[in-house]
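What follows is a short report on a single structure.
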Amino acid sequence: MATIPERRQSLLASVNYELSCYVEPAHKPNPRANLGSILMAIFTLIGMMLLVALFWESLFGGVRIIAKNSFQDSFLTSPMTWRSSSWT
């Protein structure tokens with residue numbers, strides 16, 4: 001009967017390990033196959049543009065209303081009135 005170190009050596013000698021590694025190339029998904037994410041991106045962009053437009057509209061409209069209330073008898077209230085009154 002073989003001793004334990006001899007068995008160990010025979011077992012190690014019978015093991016044959018060869019490394020084989022396969023790297024898959026980078027896969028780019030077809031844009032037509034992913035229609036849902038394209039539509040989601042489009043609607044997200046539209047929503048962001050609407051929010052920006054709403055922000056600027058409220059900013060300019062708010063400034064105009066504040067200026068109109070602050071300077072009630074000035075040129076901001078009626079452009080035709082101040083033109084005709086200032087030139088006569």
P(r), alpha carbons of the range 1-68 - 5 Å bins starting at zero, rounded %: 3, 11, 7, 7, 6, 6, 6, 5, 5, 5, 5, 5, 5, 5, 4, 3, 3, 3, 2, 1, 1, 0
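Can you tell me how much longer the chain between residue 24 and residue 66 gets when fully stretched, taken as 0.36 nm per residue apart minus their C-alpha distance, in nm with one decimal?
Using 0.36 nm per residue and subtracting the Cα-Cα distance, I get 8.7 nm.
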Extended-chain gain in nm, criterion 0.36 nm per residue less alpha-carbon gap, residue 55 and residue 14: 7.2 nm
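Just so you know, all these numbers are worked out from the coordinates, no wet-lab data involved. Source: prediction; values computed, not measured.
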